[in-house]
Amino acid sequence: MNLTNSPLPLKSLPLPEWQFILSGIAAIVLIRLVVILLTPSTGDFSDPRIYQGTGQTVLAGINPYDFADKVELRARLRDRMAREQPDGPNDIFTRSQESWNYYVSGNLPASTALYALFEVLSRGSRTGWRLLFILGDVAIFLGLIALLRSLHGRVESVPLQLGVLCLAVINPLLIVDGCAIPEDKQFQTALMLYLTALLCARGRIGDYKALGTGVILSLSVLFKLFGVFLIPLWSVRAKKEGCRYTILSLLGAIVPVLIAFAFFGHYFVNTILDRGMQNSVQGPEHSSLWALFPQFVGRSIALEGRAVTSASSYVLIKASVTSLYALAAFTAFVRRRIDLLNLCAALTLAFTCLWLDKGSLNRMNIAMVFAVATVASLSVQIFVWLAVGYVLVGTLGYVIGILVLRLHLTTLDGIVTLLFLTAYLTTLLTFDPCRPRAPGSTVRQI
């Protein structure tokens with residue numbers, strides 16, 4: 001794959017790896033700082049306020065998952081934040097104690113602990129929170145570098161550096177849904193990238209890295225749950241490494257779990273299970289691609305001569321499409337077109353973008369960025385073109401959709417997600433591991 005003669009502005013690439021890393025971090029920070037300066041009001045959006053309220057709840061010594069814990073103090077925290085909001089009683093977060101309880105308990109313990117830390121570091125400033133969120137994009141960049149190094153060695157070729165640049169530095173979907181609209185989901189993506197880098201590392205893994213692998217696996221589950229899809233990859237690595245690695249990684253994994261139960265008890269388990277159910281069967285909201293198809297949500301269908309309620313028909317259709325998507329990826333795996341890593345990524349994508357139907361593109365970005373990154377284990381060439389296409393479609397989609405077609409941002413998010421799911425699955429199903437490629441463009445399969 002010769003990109004040096006491409007019309008894209010690549011004359012400065014490739015850089016020595018250390019220069020590329022420093023330049024990439026500097027570019028991420030500069031771009032995000034400019035975006036923060038241009039969008040000062042988005043710090044008052046509901047999500048960053050929810051994160052801040054959760055952090056304040058923890059710092060006040062209240063268990064956010066136990067609604068009976070320190071009820072009066074919990075009410076004072078809500079009242080204080082409610083007085084600061086221009087929407088007053090209409091604010092979705094602080095309008096009632098029930099809504100406060102619902103939102104401050106809405107994330108897993110690792111996320112909740114991060115919010116408490118950020119509230120301390122920012123000293124209560126939501127601008128400070130936004131600056132801290134930049135660390136998530138930097139972590140994605142470094143996690144992608146770590147993954148590519150474990151798969152391909154040093155990141156010092158034009159294709160690899162271009163792919164990283166598109167996916168982690170200038171990615172408009174990350175910039176809009178993560179910086180312009182402040183979000184914390186980047187840390188989940190980064191955890192999965194670091195974990196995959198360890199699981200795909202060449203050679204045998206030492207004791208310290210085995211412990212670290214367990215810790216990161218546990219945190220990737222306790223942050224936003226999606227690390228659970230990498231357990232099959234860990235299982236294969238554990239079988240290869242043997243008993244010592246398995247025990248050490250399990251010991252590492254149990255530490256965050258014990259800490260979570262020590263601080264929050266068993267309450268977070270039921271709360272998160274209830275939230276997961278609500279995000280699966282109550283109908284699409286925000287940027288779900290299912291919101292693009294209201295006929296699937298609001299119309300009953302006939303099943304074996306019986307009328308099925310609209311809610312049931314929607315869940316049935318959604319479950320069928322999600323299962324078919326996962327089955328197509330599994331078929332590609334069985335036929336040895338893709339490896340286990342890419343199967344795990346495809347299942348993550350199906351669950352995040354097809355099954356879960358509440359939330360915005362910031363959550364779907366977790367799976368989409370990770371899925372593009374893992375394609376590098378199959379082909380550097382396809383990884384680069386997916387990353388470039390990801391940026392171009394996202395940029396053109398926002399520019400044309402908002403400025404020309406006047407579409408709502410959440411509608412655009414749904415369209416972009418649908419296009420990505422289609423392009424990604426087509427890539428997996430048409431990938432031929434035996435097709436000749438340019439020297440250096442193929443990476444070992446996991």
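The numbers here are math on the coordinates, done by the rules we state, and not lab data. The structure displayed is predicted, hence computed values, not measured ones. Cβ coordinates were reconstructed from backbone atoms using ideal geometry, including for glycine residues, and neighbour counts include every protein chain displayed.
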>> Between Ile21 and Arg80, what is 0.36 nm times their sequence separation minus the Cα-Cα distance? Round to one decimal in nm.
In response: 17.0 nm
>> Between [x] 1.07; [y] 0.96; [z] 0.99, which entry matches Rg/Rh (Cα atoms, Kirkwood Rh) as derived from the coordinates of this structure?
In response: [y]
> What are the ³J(HN,Hα) values, in whole Hz, obtained from phi via the Karplus relation 6.51 cos²θ - 1.76 cosθ + 1.60 with θ = phi - 60°, for each residue of the stretch 106-120 in sequence order, with x given for Gly and Pro?
Replying inline: x, 10, 6, x, 5, 5, 4, 5, 5, 5, 5, 4, 5, 5, 5
>> Using only the alpha-carbon atoms, how far is helix 361-374 inclined from the longest principal axis of the chain? Give it as 0 to 90 degrees, nearest 10.
In response: 20 degrees
> How do the peptides 367-377, 133-143, 148-158, 14-24 rank, highest first, by the average count of neighbouring beta carbon atoms within 10 Å per residue?
Replying inline: 367-377, 133-143, 148-158, 14-24
> Just from its helices, what would the mean residue ellipticity at 222 nm be for the chain, if runs of 4 or more DSSP H residues each count -39500 (n - 2.57) and the sum is divided by every residue, rounded to the nearest 500 deg cm²/dmol?
Replying inline: -21000 deg cm²/dmol
> Against the longest alpha carbon principal axis of the chain, how many degrees, from 0 to 90 and to the nearest 10, is the axis of helix 71-83 turned?
Replying inline: 80 degrees
> For helix 186-199, what angle does its Cα long axis make with the longest principal axis of the chain, in degrees from 0 to 90 and rounded to 10?
Replying inline: 40 degrees
>> Quick check: Cα centre of the stretch 177-238 to Cα centre of the stretch 347-383, how many Å?
In response: 14 Å
> Given 0.36 nm per residue, what is the gain on full extension from Val236 to Leu117 after removing their alpha carbon distance, in nm?
Replying inline: 39.4 nm
>> What distance in nm lies between label points placed 7 Å from Cα along the C-beta direction at Thr331 and Ser125?
In response: 5.5 nm
> So, in nm, how far is label Thr411 from label Val281 when the simple model puts each one 7 Å beyond its Cα toward the Cβ?
Replying inline: 3.2 nm
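Using a simple charge model, +1 on the beta-carbon of Lys and Arg, -1 on the beta-carbon of Asp and Glu, nothing else, what dipole does the stretch 63-126 show about its Cα centre, in debye to the nearest 20?
On the way: 9 positive and 9 negative charges, 40 e Å.
Roughly 200 debye for the stretch 63-126.
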>> Amide H of Gly178 versus every other amide H placed in the peptide plane: which residues, excluding those fewer than 5 positions away on the same chain, fall under 5 Å?
In response: Glu183
> Using a simple spin-label model with points 7 Å from Cα along the Cα→Cβ vector, what separation in nm is obtained for Leu324 and Cys243?
Replying inline: 4.8 nm
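Quote the FRET efficiency, to the nearest 0.05, computed for Phe431 versus Ala262 with a Förster distance R0 of 35 Å and r equal to the Cβ-Cβ distance.
Details: r = 46 Å, r/R0 = 1.30.
Result of the calculation: an efficiency of 0.15.
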>> For a distance above 22 Å, tell me the whole-number percent of Cα pairs in the stretch 185-430 that qualify.
In response: 60 percent
>> Mean-square fluctuation check for the chain, GNM, Cα pairs under 10 Å: which of Leu341, Leu327, Leu428 is largest?
In response: Leu327
> Can you tell which of Lys209, Lys185, Lys358 shows the greatest fluctuation in a Gaussian network model of the chain with Cα springs below 10 Å?
Replying inline: Lys209
> With the chain treated as a Gaussian network of Cα nodes joined by springs under 10 Å, which of Thr112, Thr411, Thr430 yields the largest mean-square fluctuation?
Replying inline: Thr430
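Show me the ranking of peptides 387-395, 36-44 by mean Cβ neighbours inside 10 Å, starting with the highest.
Highest-to-lowest ranking by the protection proxy: 387-395, 36-44.
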>> Under a Cβ-only charge scheme (Lys and Arg +1, Asp and Glu -1), can you give me the dipole magnitude of the chain about the Cα centre, in debye to the nearest 20?
In response: 1020 debye
> Full extension from Lys70 to Ser312: what is 0.36 nm times the residue separation minus their Cα-Cα distance, to one decimal in nm?
Replying inline: 83.2 nm
